[in-house]
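**Student:** Okay, handing you the structure first.
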Number of protein chains: 2
Amino acid sequence: MVCIKSFANDGYKLWLQYNHIQDKQIRTSYQSNIKRIIPFGNSETIKVALKELELGLNGMLGSKVLSGTKNNIESNSLMFGSESSLNEIVKNQLGNAFNEINDEGFVIKTISIKGKNQIIITGKNDVGVLYGVFKFLRLLQTHQSIENLNIIDAPKIKVRVLNHWDNLDRTVERGYAGFSIWDWHRLPDYIDSRYRDYARANASIGINGTVLNNVNANALILTPQYLEKVEALANVFRPYGIKVYLTTRFSAPIEIGGLETADPYDAEVIAWWKNKVKEIYSKIPDFGGFLVKANSEGQPGPQNYGRNHVDGANMLADALTPFGGVVMWRAFVYSEHDITDRAKQAYSEFVPYDGQFKDNVIIQVKNGAIDFQPREPFHPMFGTMPKTPLMMEFQITQEYLGQSTHTVFLPKLYEEVLQSDTYKKGKGSTVAKIIDGSLDNKVLTGIAGVSNIGNDINWTGNPMLQANWYGFGRLAWNPYLSSEEIADEWLRSTFSNDEKFVKPVKDMLLSSREAVVNYMTPLGLHHIMDTGHHYGPGPWVSDLSRPEWNPVYYHKADSLGVGFDRTPSGSNATAQYAPQVASKFNNLETCPEEDLLWFHHVSWDFKLKNGKTLWDGMALKYQEGVDQVASMISIWEEAKPYVDEERFSDVYMLLNIQHKEAKWWRDACLLYFQEFSQKSLPVGVEKSTQTLDYFKSLKFTFAPGN
Amino acid sequence: MVCIKSFANDGYKLWLQYNHIQDKQIRTSYQSNIKRIIPFGNSETIKVALKELELGLNGMLGSKVLSGTKNNIESNSLMFGSESSLNEIVKNQLGNAFNEINDEGFVIKTISIKGKNQIIITGKNDVGVLYGVFKFLRLLQTHQSIENLNIIDAPKIKVRVLNHWDNLDRTVERGYAGFSIWDWHRLPDYIDSRYRDYARANASIGINGTVLNNVNANALILTPQYLEKVEALANVFRPYGIKVYLTTRFSAPIEIGGLETADPYDAEVIAWWKNKVKEIYSKIPDFGGFLVKANSEGQPGPQNYGRNHVDGANMLADALTPFGGVVMWRAFVYSEHDITDRAKQAYSEFVPYDGQFKDNVIIQVKNGAIDFQPREPFHPMFGTMPKTPLMMEFQITQEYLGQSTHTVFLPKLYEEVLQSDTYKKGKGSTVAKIIDGSLDNKVLTGIAGVSNIGNDINWTGNPMLQANWYGFGRLAWNPYLSSEEIADEWLRSTFSNDEKFVKPVKDMLLSSREAVVNYMTPLGLHHIMDTGHHYGPGPWVSDLSRPEWNPVYYHKADSLGVGFDRTPSGSNATAQYAPQVASKFNNLETCPEEDLLWFHHVSWDFKLKNGKTLWDGMALKYQEGVDQVASMISIWEEAKPYVDEERFSDVYMLLNIQHKEAKWWRDACLLYFQEFSQKSLPVGVEKSTQTLDYFKSLKFTFAPGN
């Protein structure tokens, strides 16, 4: 077949482009190392691994790689299969490798058979083999050598899940990439091929679970009508090592069970959940478990019945125990009755329960104590519940970060959080060590990312934001990876290996997170987004019914200064951190300037480290953010020769929107804060062409994701 | 570049696949006739025509076709440009062709220059050239000869529009293919490449307008914030000859204008609309006009102020007149206070106004008097308002026809309506002649199709239903085309030219409409779908507040028989038809059996033409529908070698759902009607494995499109 090169790319293939390798030397080297591919075993997982290898190798090498069989190992084969499928000749050459990996790990090794080099990809289980296959393909995608391979790797975290805040009507809470990919109405009989591609993409980065529905849950998901739909998805995902989880509405026994209460002490309620769980496992034997948002933002929970989080979580955990399921219980709670500081509440409410949860309960904690801001200090709960497994909840969807129009490379944010030192067990007690269980020797470990996936053709509404899904998965596998490494491999797999492309665009990605902090919430400002949809600036909002829903609650700007005093002279939230950390935050001299207004109410004339006043420094930060986006646009313009037309143009349009909106943020926030500071803008900061009233008048009735 | 043939096809490319032509003889013949392509002119429309030719020819011929220039006509060129761009040598060979076409028509002719054959595609305007280019590409797509071409064609209807029932939050009323393709939030700055592909697809079948938003309108669409988004879409569509229209909420002067009334006689209201229209045209100089649903199903309208449809429509028409815009005023009205027959109401309400509407008002009438049923007799308004332009409203989306899971080839339905003879001016007064204006010599003519397009990757949620979008467009261009011809060219352009594929699958498409009638509403039954979402059977529903919302209102089943008596002994709705038609419908002997229960309440023992009783005949029809779907599945299984894996599998899964649901329809309806007939099922009809109560208990809370 003749084929004309088409330079169109709709982005659907994500980082699994498997583009033909143009460099002949590299291609030939790969071809000479892979003359045949030989699967060991015949499980569904091995079959999808074979299919992926064929797809990847055919695409990258441009010629059909021959298959072989186990009993007919030719020279230079690529063999793959689990430990139990290996023959002695292979096993003997693997040494102690299997001792170094866990159930999901893999080994990729160049061995010698009949005097010829062979590559073996193996693991204790088939899913490890699949992970190894994706790792191997990534070597080729990133143009690395496949000579003398000896790679041993395994995930450091056990439960690595996406959280889909997807409703049954296919709207997605905080979704900015279209609507839910779950076509509930046509399930179970219509299996969108997207489900398989979703599983492929997740397996390729090591994600091993998915919570299908919104934490603000609808009980109908637990009815037989929906469970058979969930089962159909579980069947698609199973070969890829992906377990299905569901969120549960705590009041489900009332809403779909016909009971009068959902009290976790009620015998009928307990029995109802036990039966429901049994029903689920009869359909989905490897069902993962429940994610629960209880007594939070209006969701029902055990407190409705005078019980507490432990009572609620343990009741569900008991039902799941016989089947090996887990309860992920969210710590995102804040009460309208607490008048001190919302940032303190999750800690206050949960820490006293340490040691009381069942073994299969894990507490899911957001990265910071407020709510997925462009920058937050790490959550003080990390390290504070040594007897309780805590899992991380990152947000991949950009609720407060420009939604799907702004290019923000989030692995940089994740890395900052994971590398934060809690000092809870002395220096080196990083968040990463708490999450992977190594600090407190935890068996059950987990990490969740709130998905940015929708039914847009390119999945994430913006081709660049695929990197955040990718990066979350890679860090879930290994929370010690650097964001730079992630950016590098993602760019190469997704766009091009050309250094003239990779280097500048990698720099662009790595600086993009600081850019959004600068033009939205510099110096520790937070939660000053507009109401409800959180799209655009709204620092002036002060009329919402609950105090902590209002931006003014968080910035507390007045004629004297700005910022939330969380030191002992204020809310004393810093007391929730280890003493070393607390004293660093409490002291104006040592508090990192990036967190300044998070912890301190500071005079407009306060001198920053660069000698500028707070007002001037803040204004210059806003301007810097705008300028950073301008230079992102320049970098992208230079990248044009290396990117297909469609993705180039998509990103280009979106960066221009980001630039426009960065200016909007700068102008609206500075005009607003200027009313308090009563100071003029420093040299170098552009003046707004609009009035503050104009910015206040903007309404976005149908902003998405709300 | 090397390229491995991939057999995956996500359906995004619709009927514009432009697949490589495998037949060497045909390909070579095309290549020898098209050595160069030469555009005459440089307008945006000519540019997109060139781009389309390059895409199509490169794809189908597998080699890059060279471009040339007007002054350098080589042998065997394909030239294209409007009349004014042609030189004398070309013009002289076109004879009187331009006299035979209208402003949108085209001529494709093989002429001779320097003793060599050349192909010229031309028209009075560039858009005609574009239509000619798509026609030319279709010749190649369907493997027709391009020797000695002499094709002269022009659209027979002036306004050929899609109606999108798309809301500003991207939900789509009666949408079953995902959500709205209009990403309002990111417009005007983010232009989804889908918008261009939408325009290409529409232009390829001659659609020249699009109503972007729902007839149940939101006034916000007319605010500056949204008009700049509409403008951006209009800019994308303009080169493709596609005008943008909007629906207006009649009360917009109150909701967004700050007025106290929307009375069409109020001077401020009149001025508000004049200014609003002026504002629209300042942004969109070729804006098409308004589509209005007024005083219908709760929408506001002139009757709220004691005025009538004429008052409302003419007020808007006056505002549009200076700019050449039109008002499409919907006749879909029915009052809860009328106790006789909903089928009679639109006629009763509108016919007295004949002659009173302004010249730029066109009344939009659904194909039947109820609401887009699997089969309805043609609407009695057709032919009854000789002084008023009437346009057809077809539904492409399958609200009552199995939604996006059921393969139903709708051109068969459209053809049946268009070929119906109203006898309003004697024999031969077909609906087509009313719609194209030829019967009453109308200048303004129009046809609308309620879109089945959503943001599913394959646009229509089911690859087979792309045929309905295609077929609507083709019939809008020429309402005398046969559904068979349409099926043939669509299948060839979309899948394969192989006769072993085309013939059986064409038969399958052509019989699919009768299948859905049989398993849902045989023998003239109608509107017995479940409430609200209209998904699945609900003949038992009788508890809705308005009588005509209940299925029992329409079938009137009792122990004696079933059906709605619309003869003079009943509602006398037949009196709205011409006497020849009325007497045919009134007489049980001459009434077509397919409309029997639409017009007559008939005894269960009534003898059908095949000698069966009505009860037996009805049961056998339900069974026949189920059997027809089973044979559609068999045909599709045989088609497997000719179709890519993804589309094959999609359609296969969906046909199986259709089969399951056809049985559901059969079982639920027969169990229900059996309660009245008290007769057993005839031989050959399968018994239900479920009870009637089971079917009544089914609930679909999140059925789409509701």
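The values are calculated or read from the model by the stated rules, or taken from the named source; none is laboratory data. Remember, predicted model here, so these are calculated numbers, not experimental data. Methodologically, a virtual Cβ is constructed for each residue, glycine included, from the backbone with ideal geometry; neighbour enumeration extends over all protein chains shown. Ligands, DNA and RNA are stripped out before the accessible areas are found, and what is left, the full protein with its side chains, is counted by its heavy atoms. Shrake-Rupley method; radii C 1.70, N 1.55, O 1.52, S 1.80 Å.
So that you can scan it fast, the table gives a plain yes or no per residue for (1) within 23 Å of B:LEU187 (Cα to Cα); (2) acidic (Asp, Glu); (3) surrounded by 22 or more Cβ atoms within 10 Å (Cβ to Cβ):
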{"site": "A:ILE633", "(1), (2), (3)": "yes, no, no"}
{"site": "A:TRP636", "(1), (2), (3)": "yes, no, no"}
{"site": "A:TYR642", "(1), (2), (3)": "no, no, no"}
{"site": "A:GLU645", "(1), (2), (3)": "yes, yes, no"}
{"site": "A:MET653", "(1), (2), (3)": "yes, no, no"}
{"site": "A:LYS660", "(1), (2), (3)": "yes, no, no"}
{"site": "A:LYS663", "(1), (2), (3)": "yes, no, no"}
{"site": "A:ALA668", "(1), (2), (3)": "yes, no, yes"}
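**Student:** Still on this model: Please state which of the following conditions B:LYS47 fails to meet, knowing it meets all the rest: (1) assigned to a helix (DSSP H, G or I); (2) free of Cβ contacts under 8 Å to residues at least 60 places away in the same chain; (3) more than 13 Å from chain A (Cβ to nearest Cβ); (4) open to solvent by 50 Å² or more (accessible area, probe 1.4 Å).
**Tutor:** Condition not satisfied by B:LYS47: (2).
**Student:** Anything in region A:562-577 that is closer than 19 Å to A:GLU675 by Cβ and in contact (Cβ under 8 Å) with a residue 60 or more places away in the chain? List them, or say none.
**Tutor:** A:VAL562, A:PHE564
**Student:** Quick one: which residue in A:GLY532, A:GLY536 is surrounded by fewer than 23 Cβ atoms within 10 Å (Cβ to Cβ), in contact with an Asp or Glu (Cβ under 6 Å, 6 or more places away or on another chain) and not assigned by TED's automatic domain parsing to the domain that holds A:MET381?
**Tutor:** Step by step, each of A:GLY532, A:GLY536 is checked, and only A:GLY536 is surrounded by fewer than 23 Cβ atoms within 10 Å (Cβ to Cβ), in contact with an Asp or Glu (Cβ under 6 Å, 6 or more places away or on another chain) and not assigned by TED's automatic domain parsing to the domain that holds A:MET381.
**Student:** So, of the residues in region B:254-271 that are more than 14 Å from B:GLY312 (Cα to Cα) and in contact (Cβ under 8 Å) with a residue 12 or more places away in the chain, which turns out to be most open to solvent (accessible area, probe 1.4 Å)?
**Tutor:** Among those that are more than 14 Å from B:GLY312 (Cα to Cα) and in contact (Cβ under 8 Å) with a residue 12 or more places away in the chain, it is B:GLU268.
Listed here are the residues, each with its yes/no results for (1) within 14 Å of another protein chain (Cβ to nearest Cβ); (2) hydrophobic (A, V, I, L, M, F, W, C).
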{"residue": "A:VAL602", "(1), (2)": "no, yes"}
{"residue": "A:ASP605", "(1), (2)": "no, no"}
{"residue": "A:LYS612", "(1), (2)": "no, no"}
{"residue": "A:TRP615", "(1), (2)": "no, yes"}
{"residue": "A:GLU637", "(1), (2)": "no, no"}
{"residue": "A:LYS640", "(1), (2)": "no, no"}
{"residue": "A:GLU645", "(1), (2)": "yes, no"}
{"residue": "A:VAL651", "(1), (2)": "yes, yes"}
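**Student:** Applying the selection to region A:537-576, what residues are in a helix (DSSP H, G or I), among the aliphatic types (A, V, I, L, M) and within 25 Å of A:VAL516 (Cβ to Cβ)?
**Tutor:** Scanning region A:537-576 gives A:VAL552, A:ALA573.
**Student:** I'm told A:LYS584 meets every condition in (1) open to solvent by 70 Å² or more (accessible area, probe 1.4 Å); (2) assigned to a loop (DSSP other than H, G, I, E, B); (3) without any contact (Cβ under 8 Å) to a residue 24 or more places away in the chain except one. Can you identify the failing condition by its number?
**Tutor:** Every condition holds for A:LYS584 apart from (2).
**Student:** Spot the failing condition for A:GLY473; the list is (1) free of Cβ contacts under 8 Å to residues at least 60 places away in the same chain; (2) in contact with a Lys or Arg (Cβ under 8 Å, 6 or more places away or on another chain), and only one is missed.
**Tutor:** (1)
**Student:** Restricting the search to region B:52-84, which residues are β-branched (Val, Ile, Thr) and open to solvent by 60 Å² or more (accessible area, probe 1.4 Å)?
**Tutor:** B:THR69
**Student:** Condition first: open to solvent by 10 Å² or more (accessible area, probe 1.4 Å) and under 19 Å from the mean Cα position of the chain (by Cα). Now tell me which residues in region B:187-200 satisfy that.
**Tutor:** B:ASP197, B:ARG200
**Student:** Take the residues in region B:677-706 that are surrounded by fewer than 17 Cβ atoms within 10 Å (Cβ to Cβ) and of a type in the set (Phe, Trp, Tyr), then tell me which one is nearest to the other protein chains (Cβ to nearest Cβ).
**Tutor:** My answer is B:PHE702.
**Student:** For region B:298-331, give me each residue that is among the charged types (D, E, K, R) and in a strand (DSSP E or B).
**Tutor:** Scanning region B:298-331 gives a single hit, B:ARG330.
**Student:** Which one is nearest to B:SER482 (Cα to Cα) among residues in region B:417-437 that are out of contact with any Asp or Glu (no Cβ under 9 Å at 6 or more places or on another chain) and free of Cβ contacts under 8 Å to residues at least 40 places away in the same chain?
**Tutor:** B:GLN419
**Student:** Would you point out the residue of region A:147-170, among those that are in contact (Cβ under 8 Å) with a residue 12 or more places away in the chain and either closer than 30 Å to B:ASN706 by Cβ or facing another protein chain (nearest Cβ under 8 Å) (or both), that is surrounded by the most Cβ atoms within 10 Å (Cβ to Cβ)?
**Tutor:** In this case the residue turns out to be A:ASN163.
**Student:** Among the listed residues A:SER512, A:SER545, A:SER493, which satisfies the condition of being free of Cβ contacts under 8 Å to residues at least 40 places away in the same chain and among the hydroxyl-bearing types (Ser, Thr, Tyr)?
**Tutor:** The conditions single out A:SER545.
**Student:** On to the next question. Going through B:GLN93, B:GLN144 one at a time, which residue ends up being open to solvent by 10 Å² or more (accessible area, probe 1.4 Å), assigned by TED's automatic domain parsing to the domain that holds B:SER29 and within 36 Å of the chain's Cα centre (by Cα)?
**Tutor:** Matching residue, one of B:GLN93, B:GLN144: B:GLN144.
**Student:** Determine which member of the set A:THR248, A:THR340 is under 30 Å from A:TRP598 (Cα atoms) and either open to solvent by 10 Å² or more (accessible area, probe 1.4 Å) or modelled with pLDDT of 95 or more (or both).
**Tutor:** Among A:THR248, A:THR340, only A:THR340 is under 30 Å from A:TRP598 (Cα atoms) and either open to solvent by 10 Å² or more (accessible area, probe 1.4 Å) or modelled with pLDDT of 95 or more (or both).
**Student:** Could I ask something else about it? Enumerate the pairs (first residue in region B:678-705 and under 30 Å from B:ARG170 (Cα atoms); second residue anywhere and open to solvent by 60 Å² or more (accessible area, probe 1.4 Å)) with beta-carbon separation below 7 Å, excluding pairs fewer than 6 apart on the same chain, so at least 6 apart or on different chains.
**Tutor:** Pairs that qualify, where the first residue is under 30 Å from B:ARG170 (Cα atoms) and the partner is open to solvent by 60 Å² or more (accessible area, probe 1.4 Å), are B:PHE702/A:ASP169.
**Student:** When you look at B:ASN87, is it surrounded by fewer than 19 Cβ atoms within 10 Å (Cβ to Cβ) and modelled with pLDDT of 95 or more, yes or no?
**Tutor:** Criteria not met by B:ASN87.
**Student:** Now for a separate question. Being within 26 Å of A:MET392 (Cβ to Cβ), part of a helix (DSSP H, G or I), in contact with a Ser or Thr (Cβ under 9 Å, 6 or more places away or on another chain) and modelled with pLDDT of 95 or more narrows it down to one residue among A:PHE134, A:PHE98; which is it?
**Tutor:** Exactly one of A:PHE134, A:PHE98 is within 26 Å of A:MET392 (Cβ to Cβ), part of a helix (DSSP H, G or I), in contact with a Ser or Thr (Cβ under 9 Å, 6 or more places away or on another chain) and modelled with pLDDT of 95 or more, namely A:PHE134.
**Student:** So, B:GLN17, is that one within 24 Å of A:GLY59 (Cα to Cα) and within 12 Å of chain A (Cβ to nearest Cβ) or not?
**Tutor:** No, not satisfied.
**Student:** For A:TRP184, only one of the following conditions fails: (1) surrounded by fewer than 23 Cβ atoms within 10 Å (Cβ to Cβ); (2) facing another protein chain (nearest Cβ under 10 Å). What is its number?
**Tutor:** Every listed condition holds for A:TRP184 apart from (1).
**Student:** So for region A:60-71 (the condition being closer than 26 Å to A:GLN141 by Cα, at pLDDT 95 or above and within 14 Å of chain B (Cβ to nearest Cβ)), does at least one residue qualify?
**Tutor:** yes
**Student:** Which count do you get for residues in region B:187-228 that are among the β-branched types (Val, Ile, Thr) and within 14 Å of chain A (Cβ to nearest Cβ)?
**Tutor:** Residues in region B:187-228 being among the β-branched types (Val, Ile, Thr) and within 14 Å of chain A (Cβ to nearest Cβ): 3 in total.
**Student:** Please work out which one of (1) in contact with an Asp or Glu (Cβ under 6 Å, 6 or more places away or on another chain); (2) within 26 Å of B:GLY532 (Cβ to Cβ) is the condition B:GLN398 fails and give its number.
**Tutor:** (1)
**Student:** Test each condition in (1) open to solvent by less than 10 Å² (accessible area, probe 1.4 Å); (2) within 24 Å of B:HIS526 (Cβ to Cβ); (3) touching a residue at least 24 places away in the same chain (Cβ under 8 Å) for B:CYS591 and report the one that comes out false.
**Tutor:** Here B:CYS591 clears every test but (3).
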